[in-house]
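Structure record follows, encoded as structure tokens.
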Amino acid sequence: MQIIHDFKTTIKKYSENRKQNDYPVLTECPHCHDRMVKNGFYKRYVITSCGTYIIYIRRYRCKYKDCGLSISILPSFLLPRFQRSLNSIFNSIKEYVFNRKFLLYRRAVFFYLQRFRFNIPGIISFFRDTINIKIPFKKRKTIKLIEMIRSYPTPTFSRRFHNHFNTCFMAL
């Protein structure tokens, strides 16, 4: 299980801090309500337009042996199971949709665009649930949704979507 947390820092600063970032403390298991203990870190790569960074992700595990739930604290500038940063992914989608330019290689842009379009009903549902806005099902709804997501800071949208549906807005 992953919890998305806003560390209020940049990717570069987070990477430089290594294991000394301000990680939230989990005391209770969300599944069985037993005690959580720190379970070390794991390394992860983050690819941005400025380069590649290695970051550390804090892990917790439930002390109750029958539960054994493991939780990772993921920074809000990342998406679960994606190496590219959230802004890099979103900017590549936005640039292709608005200007037909490729910020990444073609295959990556089309992969991210396909994932985004596949999850349009979930994104529409999120906006209807959170800000009570009606989005008409028109041909250009991808552009409308990108503009609405741009009105949020992108990491905030990602975190709020994840908390609302317990899944990433780019997940299948």
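Between residue 106 and residue 156, 0.36 nm times their residue separation minus their Cα-Cα distance comes to what?
On the way: separation 50, 0.36 × 50 = 18.00 nm, distance 2.71 nm.
Taking 0.36 nm per residue and subtracting the Cα distance, the gain is 15.3 nm.
Every cysteine in the chain with no other Cys Cβ under 4.7 Å from its Cβ, please list them in numeric order.
Singleton cysteines: 50, 168.
Counting only protein heavy atoms, what percent of the accessible surface of the chain is carbon or sulfur at a 1.4 Å probe?
On the way: 4920 of 10150 Å².
About 48 percent, which is the carbon plus sulfur part of the accessible surface.
Take every Cα pair under 8 Å in the range 58-172 that's 6+ residues apart, average their separations, divide by the length, and report that relative contact order as a whole percent.
Numbers: 94 pairs, mean separation 28.6, N = 115.
Answer for the range 58-172 is 25 percent.
Please name whichever of 72, 169, 57 sits farthest to the positive end of the charge dipole of the chain, dipole taken about the Cα centre and charges placed at Cβ: Lys and Arg +1, Asp and Glu -1.
The residue sitting farthest along the positive end of the dipole is 169.
Only Lys, Arg, Asp and Glu count, each charged at its Cβ (+1, +1, -1, -1), so figure out the dipole size of the range 73-172 about its Cα centre, rounded to 20 debye. Write down the numbers at each step before the final one.
On the way: 19 positive and 3 negative charges, 88 e Å.
With Lys and Arg at +1 and Asp and Glu at -1, about 420 debye.
What's the extension gain from residue 67 to residue 5 if we count 0.36 nm per residue and subtract their Cα-Cα distance?
Numbers: separation 62, 0.36 × 62 = 22.32 nm, distance 2.31 nm.
Length gained between residue 67 and residue 5: 20.0 nm.
What pairs in 94/144; 19/63; 8/144; 94/141; 12/43; 8/63 have C-alpha atoms more than 20 Å from each other? Provide the component values of the computation, followed by the final result.
Details: 94/144 11 Å; 19/63 22 Å; 8/144 28 Å; 94/141 13 Å; 12/43 15 Å; 8/63 29 Å.
Those over the limit are 19/63; 8/144; 8/63.
Could you order 72, 125 so the one with the most accessible surface comes first? Probe is 1.4 Å. Spell out each step's value before the answer.
On the way: 72 15, 125 40 Å².
Reading off the accessible areas and sorting them downward yields 125, 72.
Could you please put 162, 5 in sequence from largest to smallest accessible area, using a 1.4 Å probe? Display every interim value, and only then the final one.
On the way: 162 15, 5 55 Å².
Greatest to least solvent exposure: 5, 162.
Write down Rg/Rh for the range 1-137, rounded to two decimals, with Rg from the C-alpha atoms and Rh from the Kirkwood relation over Cα pairs. Intermediate results must be reported in sequence, preceding the final value.
Numbers: Rg = 17.9 Å, Rh = 17.2 Å.
Reported Rg/Rh (Cα atoms, Kirkwood Rh): 1.04.
Beyond 23 Å, how much of the Cα-Cα pair distribution for the range 57-158 remains, as a whole percent? Walk me through the intermediate numbers first.
Details: 1954 of 5151 pairs.
Summing the P(r) of the range 57-158 above 23 Å gives 38 percent of all pairs.
Enter the Cα centre distance for the pair the range 97-124 and the range 59-81, rounded to the nearest angstrom.
28 Å
Just the number please: accessible area per residue for the range 49-172, 1.4 Å probe, all protein chains included, in Å².
55 Å²
Could you give the length gained by full extension between residue 99 and residue 114, i.e. 0.36 nm per residue of separation minus their alpha carbon distance, to one decimal place?
Numbers: separation 15, 0.36 × 15 = 5.40 nm, distance 1.71 nm.
Residue separation times 0.36 nm, minus the Cα-Cα distance, leaves 3.7 nm.
What does the helix-only formula give at 222 nm for the chain: each DSSP H stretch with n ≥ 4 adding -39500 (n - 2.57), the total divided by the residues, and the result rounded to the nearest 500 deg cm²/dmol?
On the way: 6 runs with 69 residues, N = 172.
Calculated from helices alone, the mean residue ellipticity at 222 nm is -12500 deg cm²/dmol.
The values are calculated or read from the model by the stated rules, or taken from the named source; none is laboratory data. Bear in mind the structure is a predicted one, so any value in this text is a computation, not a measurement. Here the Cβ is made from the backbone with ideal geometry for all residues, glycine too, and neighbour counts use every protein chain on show. Remember, those area values only see protein heavy atoms, side chains included, never the ligands or the DNA or RNA. Shrake-Rupley method; radii C 1.70, N 1.55, O 1.52, S 1.80 Å.
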